[in-house]
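K.L.:
Quick one: structure below, then a few questions.
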Amino acid sequence: LEDGDRCESSVEKSILALFCFKLFVKISLNLLTYFYIVRGNRKEAARISAEFYDYGQRHSSWADRSPLHDAASQGRLLAVRTLIVQGHNVNVLTIDHVTPLHEACLGNHVACARALIEAGANVNASTIDGVSPLFNACSVGSVTCAELLLENGAKPQTLVYQPSPIHEATSKGHYGCVEALVTWGTDVDMDIPHLGTPLYTACVCQELECARKLLREGANVQKGRSLDSPLHAAAEKDCTAVVKLLLDFGADINTRNMEYQRPVDVAPPSSLTEGFLLLYEATPRLLSQMCRQCIRTCVGRDRLHLLAHLPLPNRLQRYLKYQ
Ligand SMILES: *[C@@H]1O[C@H](CO)[C@@H](O)[C@H](O)[C@H]1NC(C)=O
């Protein structure tokens, strides 16, 4: 009996020893993890502040993104919805004031953008560089995101010193976005001092379809950047297709820029465009084209959409609308 007791107590002792050992291991592991996290965080904090104060690297600073930013930029709708339900703030900002809605639009993730807007995301949010979600949508050519934002009250155009959605869409050839912006009230002739008008941007970037869209919407064919006309820009780039388009819409070949040069003078010597302009100069204009320009000028930019109501044959209407 005594032997049995002794045996039992030694079993109890070993169980106790094992338990203590396990507890010790657990505590030391926890302590290790704790110090590791603290050290890791210090490093992270130092990195964030270094990036924050180093101006050149500011744009690569994503250290402070929230889970909602990540989910929105990757287009993970379920994750976005879950995070919203869990009570994450939809207007959470990074150091640069980027919102999750900015991210969703940059990734062309319209379902995520919609979920964020329905949960109260600010459609007019602006980063410290003045970039709006609409600018991001136009930058990547996301017509659906742009329309979603505009339908929900986003400003169709920004102040002149902020990045302009219509100039961005034009420079990248996203004419669907240009169309949406103009439909929602962006000024087609919006003039930014260092960029000029959207039409001028289209000519500089040789974006034929955007130039056509802007002109059809009634953009002023003469308005460029300061004294440089769109025709100057197209001639300088030797882009004959855009030059033809501008002339079709009544561009003046005799207008002069700051250096008192005409478009033909800025075209590369003996280029296709120079030859085309010289020939155009020497050729009488078509009466039908002159009539079309005259009628469009009389109707005026803001009433061009009413051309369809004129009692005219379809062919004539299409001609007037450059279709
Ligand atoms: C966005 O800004 C515009 C112009 O400031 C304003 O009219 C519009 O109501 C704003 N939209 C929202 C949803 O706050």
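Readers should treat all values here as calculations from the given coordinates under stated rules, not as data from a laboratory. These numbers come from a predicted model, not from an experiment. FYI the Cβ positions are ideal-geometry reconstructions off the backbone, even for glycines, and counts take in every protein chain you see.
K.L.:
Consider Cys112 carefully, then state whether it is crowded, with 17+ Cβ neighbours inside 10 Å, away from the ligand (no atom under 16 Å from the Cβ), under 19 Å from Leu149 (Cβ atoms) and among the hydrophobic types (A, V, I, L, M, F, W, C).
P.N.:
Yes.
K.L.:
Right, here's the next one. Mind counting the residues in the range 135-156 that are within 14 Å of the ligand (Cβ to nearest atom), free of Cβ contacts under 8 Å to residues at least 40 places away in the same chain and either buried (at least 18 other Cβ atoms within 10 Å of the Cβ) or of a type in the set (Lys, Arg) (or both)? Reasoning before the result, please.
P.N.:
Filtering the range 135-156 for residues within 14 Å of the ligand (Cβ to nearest atom) gives 135, 148-156.
Filter once more, keeping what is free of Cβ contacts under 8 Å to residues at least 40 places away in the same chain: 135, 148, 150-156.
Filter once more, so that each one left must be either buried (at least 18 other Cβ atoms within 10 Å of the Cβ) or of a type in the set (Lys, Arg) (or both): 135, 148, 150, 154-156.
Selection size over the range 135-156: 6.
K.L.:
Now for a separate question. With respect to the numbered conditions (1) within 13 Å of the ligand (Cβ to nearest atom); (2) in a helix (DSSP H, G or I); (3) farther than 17 Å from Gln74 by Cβ, which one is the sole condition not fulfilled by Leu101?
P.N.:
Going through the list (1) within 13 Å of the ligand (Cβ to nearest atom); (2) in a helix (DSSP H, G or I); (3) farther than 17 Å from Gln74 by Cβ, Leu101 breaks only (3).
K.L.:
Considering only residues that are more than 16 Å from the chain's Cα centre (by Cα), at negative phi and polar (S, T, N, Q), which ones fall in the range 168-209?
P.N.:
Thr183, Thr197, listed by residue number.
K.L.:
If you don't mind, another one. Leu247 is checked against (1) more than 26 Å from the chain's Cα centre (by Cα); (2) farther than 22 Å from Leu320 by Cβ; (3) crowded, with 18+ Cβ neighbours inside 10 Å and fails just one. What number does that condition carry?
P.N.:
The single condition Leu247 does not satisfy is (2).
K.L.:
Is there a residue being within 16 Å of the ligand (Cβ to nearest atom), under 19 Å from Pro156 (Cα atoms) and of a type outside the set (Lys, Arg) anywhere in the range 85-94? Spell out how you get there, then give the answer.
P.N.:
The initial filter retains those residues of the range 85-94 that are within 16 Å of the ligand (Cβ to nearest atom), namely 90-91.
Now drop any that are not under 19 Å from Pro156 (Cα atoms), which leaves none.
Looking through the range 85-94, none of the residues is within 16 Å of the ligand (Cβ to nearest atom), under 19 Å from Pro156 (Cα atoms) and of a type outside the set (Lys, Arg).
K.L.:
Go through the range 83-100 and report how many residues are loosely packed, with under 15 Cβ neighbours inside 10 Å and more than 17 Å from Ile117 (Cβ to Cβ).
P.N.:
Of the residues in the range 83-100, 3 are loosely packed, with under 15 Cβ neighbours inside 10 Å and more than 17 Å from Ile117 (Cβ to Cβ).
K.L.:
Then there's this: Scan the range 97-113 and give yes if some residue there is without any contact (Cβ under 8 Å) to a residue 12 or more places away in the chain and not small (Gly, Ala, Ser), otherwise no.
P.N.:
Step one: of the range 97-113, the residues without any contact (Cβ under 8 Å) to a residue 12 or more places away in the chain are none.
The answer is no; no qualifying residue exists.
K.L.:
Output the residues belonging to the range 173-189 that are more than 15 Å from the ligand (Cβ to nearest atom), part of a loop (DSSP other than H, G, I, E, B) and touching a helix residue (DSSP H, G or I) at 6+ places or on another chain (Cβ under 7 Å).
P.N.:
Let us first name the residues in the range 173-189 that are more than 15 Å from the ligand (Cβ to nearest atom), namely 173-180, 182-183, 188-189.
After this cut, where a residue has to be part of a loop (DSSP other than H, G, I, E, B) as well, the list is 173-174, 188-189.
Answer for the range 173-189, where residues must be more than 15 Å from the ligand (Cβ to nearest atom), part of a loop (DSSP other than H, G, I, E, B) and touching a helix residue (DSSP H, G or I) at 6+ places or on another chain (Cβ under 7 Å): Gly173, His174, Val188.
K.L.:
Here are some conditions: (1) crowded, with 21+ Cβ neighbours inside 10 Å; (2) within 15 Å of the ligand (Cβ to nearest atom); (3) hydroxyl-bearing (Ser, Thr, Tyr). Ser126 meets all but one. Which one does it not meet?
P.N.:
The one condition Ser126 does not meet is (1).
K.L.:
One residue is enough: does the range 94-112 have a residue meeting the conditions among the acidic types (Asp, Glu) and more than 23 Å from Thr186 (Cβ to Cβ)? If you could, list the steps in order and put the result at the bottom.
P.N.:
Initially, the range 94-112 is screened for residues among the acidic types (Asp, Glu), giving 96, 103.
Okay, now just the ones that are also more than 23 Å from Thr186 (Cβ to Cβ), so 96, 103.
Yes; the residues of the range 94-112 include at least one that is among the acidic types (Asp, Glu) and more than 23 Å from Thr186 (Cβ to Cβ).
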